[in-house]
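Asker: If you scroll down you'll find the structure; I have some questions about it.
The values are calculated or read from the model by the stated rules, or taken from the named source; none is laboratory data. All values reported here derive from a predicted model rather than from experimental measurement. Heads up, the Cβs are rebuilt from the backbone with ideal geometry, glycines too, and the neighbour counts pull from every protein chain shown. Ligands, DNA and RNA are stripped out before the accessible areas are found, and what is left, the full protein with its side chains, is counted by its heavy atoms. Shrake-Rupley method; radii C 1.70, N 1.55, O 1.52, S 1.80 Å.
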Amino acid sequence: MAMAVENLTFKKIDMVTELGFVDVLKPVLDLKDYSHKASRISLVDFMTTEVSKQSKSSYCSATLEIEYPKMPHKRREEYTGKILQGPIFDGGKVTREVAYSARYTDDGKRFMWNF
């Protein structure tokens, strides 16, 4: 389910809406909305992996941490009664390694990240 939500785009939502599957998709969108509001997201363990003097960029990695509180019982029952499991429902932390590049803007006043 997390993969399905992760690959969801507005174009796909529009297509599904036109086909009349809104009632089927609504619980997934509600769950995505809940998870964004309830979660705490942070980047930790930063590490520079390469520095390019030519592009004036640093290539780095970090650990993305997403921490979810335990979903309230009443809300969890909306999702087929306690059958679904995982951090969004049970609470807990999910981590994923991410790679990105970073560089200063030409005026040197801001720092830009590219994931």
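Asker: Just grab the label-to-label distance for residue 30 and residue 77, each label 7 Å out from Cα along the Cβ direction, in nm (one decimal).
Answerer: With each label placed 7 Å out from Cα toward Cβ, I get 1.3 nm.
Asker: Convert each backbone phi in the range 93-103 into a coupling constant with the Karplus relation 6.51 cos²θ - 1.76 cosθ + 1.60 (shift: θ = phi - 60°), then list the ³J(HN,Hα) values in order as whole Hz, x for Gly and Pro.
Answerer: So the J values, rounded to whole Hz, are 10, 10, 10, 8, 7, 10, 10, 7, 10, 9, 7.
Asker: Please give the charge dipole size of the range 45-115, origin at the Cα centre, charges +1 on K and R Cβ atoms and -1 on D and E Cβ atoms. Round to the nearest 20 debye.
Answerer: That gives a dipole near 160 debye.
Asker: Under the rule of at least 5 residues apart or a separate chain, name every residue whose amide H is placed under 5 Å from the amide H of residue 91.
Answerer: Counting only residues 5 or more places away or on other chains, the set is 71.
Asker: I've got another one for you. Points 7 angstrom from Cα along the Cβ direction at residue 42 and residue 115: gap in nanometres?
Answerer: Placing both labels 7 Å along Cα→Cβ, they lie 1.7 nm apart.
Asker: While we're looking at this one, here's another question. Apply the Karplus parameterisation 6.51 cos²θ - 1.76 cosθ + 1.60, with θ equal to phi minus 60°, to every residue of the range 36-49 and state each ³J(HN,Hα) to the nearest whole Hz, in sequence, with x for glycine and proline.
Answerer: 5, 6, 8, 7, 10, 10, 8, 10, 9, 6, 5, 8, 7, 9
Asker: Per residue, how many Å² of accessible area does the range 21-115 show with a 1.4 Å probe?
Answerer: Computed with neighbouring chains in place, this is 74 Å² per residue.
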